[in-house]
Amino acid sequence: MTEENFSEENFKKTVRRKTIRSILWFILFIGALVFGWKWLNRQPMDAGALKPLRTVLSANEKLFSAFYSDSRLEPEYPISSAVRYPKVNGNYGMKSALDTATWKLLVVRNADVPATADTLVVSMDEIRSLPRTEVIFNFKCIEGWSQITRWAGVKFSDFAEHYRLGTKSGNAPDKNKKDDLFKYAGLRTPDGLYYVGVDLASIMHPQTILCYEMNGKPLPMNQGAPLRLIIPVKYGVKHLKRIGTLFFSDAQPPDFWYERGYDYYAGL
Amino acid sequence: MKRIEKKHPLAIRWFHWVNFPVLSIMIYSGILIYWAHDIYTIQIGQKVFFQFFPDGFYKALTIPFRLAQGMALHFFFMWIFFLNGLIYVIFTIVSGEWRHLLPNRHSFKEAWQVLLHDLYLSKKKLPEKKFNGAQQIAYTGIILMGVGSLLTGLVIYKPTQFGWLTKLLGGYEWARAQHFILTIGYVLFFCVHIMQVVRAGWNNFRAIVTGWEVVDEKEKEESILVDGVREIIKKDKDND
C-alpha cells in the first residue's frame, strides 16, 4: 500500500516536471512569435511597404513574370455582355483641363539617355490611322471588383511595330532579341501627377491596346480621353487614363501605386 | 496503473502551432483586402440577414483603407501557410501518421456516434483511440480546405496565367466567393475545435503541447470491459 502510494507520488512528480518543461518551451515559442511579429512591424518602409514584405513582393514578381506567357489570353466576351457604364474609379492626373483637339502623344524612345532624348510626337489622327483592335474582357480592379467592358484602339504591339519602339537599336521589336528590348515602358498623364510602369512583355501582350473608344463610341473624358491604356493582363491601376507621355527604359519607371505600398507588377 | 504514452510527434505539434498564427494573419490580412470590395451577404431574395461585415466590426479592428498592407501581408505569409501545409502532408505520408488521420469505411458511422455522444443524445462510450471518426473527417477535411484556399487564391492572384484553373473553378468572381466561404469555414472549424478541446480536458490539450498524455490502464481496461459486456448484451438481444 505504501509502496503504491510512493510510486503514484513519484509518477505525479514526473508528470508535473515534464509538463512544466514543455510549457516553458511553449511559452518561449509564443514569445518568439510575438517578437517576430513586432520585429516585422518595426522594419523600415520600402516604397510604402515594410521592407521584408517588399522583398517578398519583389520575389513574387520575379517568379510570376518568369512564368508569364503572352500566349495566355484573357477570355473575350460577346458585345452584349459588356456593361453600358463602366465604373469610373479615380481621377488622379485628370483634374486639370485638357484640350483634346490639340493633344498629342509624346514618345521617348530611350529614357535612359536623356541628353540624346530621341522623341516622337504622335497625333490622334495618326493613331487612328493604324489598324483598330477591339477587346471585350473582364476588367479587374485591385480592390476586388471586376466588370466586362468593351474597348477599342490600336494594339500596342502594332503601334510599337509601326514606330519601331521599345528597342535600343531603333528597329521594330523582336521577341527573340531580348537584349535589344527595353525592360520597361512608362506612362504619365500630361500633368505628370499619375504615372505607371509596365514590364515590356506585358505591354506587348496581344490584348494590350492604346484605347480611344469605349462601347463603340469615342472615349469619354472621365475614362481618359483622348487616349488611355487598356492592358487586360494587369489590374486596373495600370490602365492609365489620359496618356501624356510614353517612354521606354531599362530602369523601373516610377509607379504611383507602387510608391503607396502596392506590388509593382500587378500582373494577372 | 497510470503511465505516460506518446501521442503527437514533435513535427505535428510544430505544424499545428505554426499554422495557427499564420492562418490568423492570413485571415486578418484577408479582411484588410476584402474590405475594399465587401459584397458578400447572407440573404434570401431581397431579405438580407447578415452583411460581411458590419461597420462596427471594421472599426473595432481598424480595417478600413489598408488594402495595400493587407495584400503585402497576404502575399508574404501565403508562402509560410503553403510550405507548412505541404511539409505537414508529406510528413504524415512518410511517417505513417496518415493511418490515424485518414477516414476509413468505419469513420462516417463512428462520426455519427461521436456527434450523438457530444450532443448528449447517446451515452455509449466513444472508442479509445488517437483520432475518432469525427476527428479523422475534420482533420482531413481541413487539409482539403487548405488546398481549396491555395487553388482559389491562385486563381484570384493570377487569373490569366492560370486561366484553365479559373475556368475550372467557375470564373474569377466565383473563385473569390469560394475563397471567402472557405475562410468562414476555418472560423467555424476553430469555434468547434475550441469547444471540443475544452470538453476533452487538460490531459488532451497538454498532448498537443508536450506530445504525450497520461493513460490510466485501469480505466482503459474497465472501459474495454464495459464495451465488451455491452457487446454481449447486444448479441444476446439480436439472438432473441
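The values are calculated or read from the model by the stated rules, or taken from the named source; none is laboratory data. Because the structure is a prediction, the values reported are computed rather than measured. Glycine also receives a Cβ, built like all others from the backbone with ideal geometry; neighbour counts cover every protein chain displayed. Side chains are part of the model used for accessible areas, which takes the heavy atoms of the whole protein and leaves out ligands, DNA and RNA. Shrake-Rupley method; radii C 1.70, N 1.55, O 1.52, S 1.80 Å.
Of the conditions (1) surrounded by 11 or more Cβ atoms within 10 Å (Cβ to Cβ); (2) more than 14 Å from every other protein chain (Cβ to nearest Cβ), residue B:208 satisfies every one except a single condition; which number is it?
(2) is the only condition that residue B:208 fails.
Quick one: would you say residue A:185 is at pLDDT 95 or above, among the small types (Gly, Ala, Ser), surrounded by 15 or more Cβ atoms within 10 Å (Cβ to Cβ) and not in a helix (DSSP H, G or I)? Lay out the reasoning, then the answer.
Working: at pLDDT 95 or above: yes; among the small types (Gly, Ala, Ser): yes; surrounded by 15 or more Cβ atoms within 10 Å (Cβ to Cβ): yes; not in a helix (DSSP H, G or I): yes.
Against the criterion (at pLDDT 95 or above, among the small types (Gly, Ala, Ser), surrounded by 15 or more Cβ atoms within 10 Å (Cβ to Cβ) and not in a helix (DSSP H, G or I)), residue A:185 qualifies.
Which members of the stretch B:61-76 meet the condition of being more than 9 Å from chain A (Cβ to nearest Cβ) and not in a loop (DSSP other than H, G, I, E, B)?
B:70, B:74 - these are the residues of the stretch B:61-76 that are more than 9 Å from chain A (Cβ to nearest Cβ) and not in a loop (DSSP other than H, G, I, E, B).
Determine whether the stretch A:80-88 contains at least one residue that is in a helix (DSSP H, G or I), loosely packed, with under 15 Cβ neighbours inside 10 Å and in the same structural domain as residue A:175 (by TED's automatic domain parsing).
Yes: the stretch A:80-88 contains one or more residues that are in a helix (DSSP H, G or I), loosely packed, with under 15 Cβ neighbours inside 10 Å and in the same structural domain as residue A:175 (by TED's automatic domain parsing).
Take the conditions within 14 Å of chain B (Cβ to nearest Cβ) and either part of a loop (DSSP other than H, G, I, E, B) or basic (Lys, Arg) (or both) and apply them to residue A:147. Does it pass?
no
Identify all residues within the stretch A:172-192 that are over 21 Å from residue A:129 (Cα atoms) and in contact with a Lys or Arg (Cβ under 9 Å, 6 or more places away or on another chain); write none if there are none.
A:179, A:180, A:181, A:182, A:187, A:189, A:190, A:191
Residues to consider are B:141, B:148, B:163; find the one that is within 14 Å of chain A (Cβ to nearest Cβ), at pLDDT 90 or above and open to solvent by less than 50 Å² (accessible area, probe 1.4 Å).
Details: B:141 fails: within 14 Å of chain A (Cβ to nearest Cβ); B:148 fails: within 14 Å of chain A (Cβ to nearest Cβ).
Checking each option against the conditions leaves just B:163.
So residue A:46 ticks every box in (1) more than 24 Å from the chain's Cα centre (by Cα); (2) under 29 Å from residue A:190 (Cα atoms); (3) surrounded by fewer than 16 Cβ atoms within 10 Å (Cβ to Cβ) but one. Which box is left unticked?
Result: residue A:46 passes all but (1).
Among the residues of the stretch B:26-54 satisfying the criterion of being among the aliphatic types (A, V, I, L, M) and in contact with a strand residue (DSSP E or B) (Cβ under 6 Å, 6 or more places away or on another chain), which is nearest to residue B:76 (Cα to Cα)?
So the residue we want is B:42.
Is it true that some residue in the stretch A:102-122 is free of Cβ contacts under 8 Å to residues at least 12 places away in the same chain, more than 11 Å from chain B (Cβ to nearest Cβ) and among the basic types (Lys, Arg)?
The answer is no, given that none of the residues of the stretch A:102-122 is free of Cβ contacts under 8 Å to residues at least 12 places away in the same chain, more than 11 Å from chain B (Cβ to nearest Cβ) and among the basic types (Lys, Arg).
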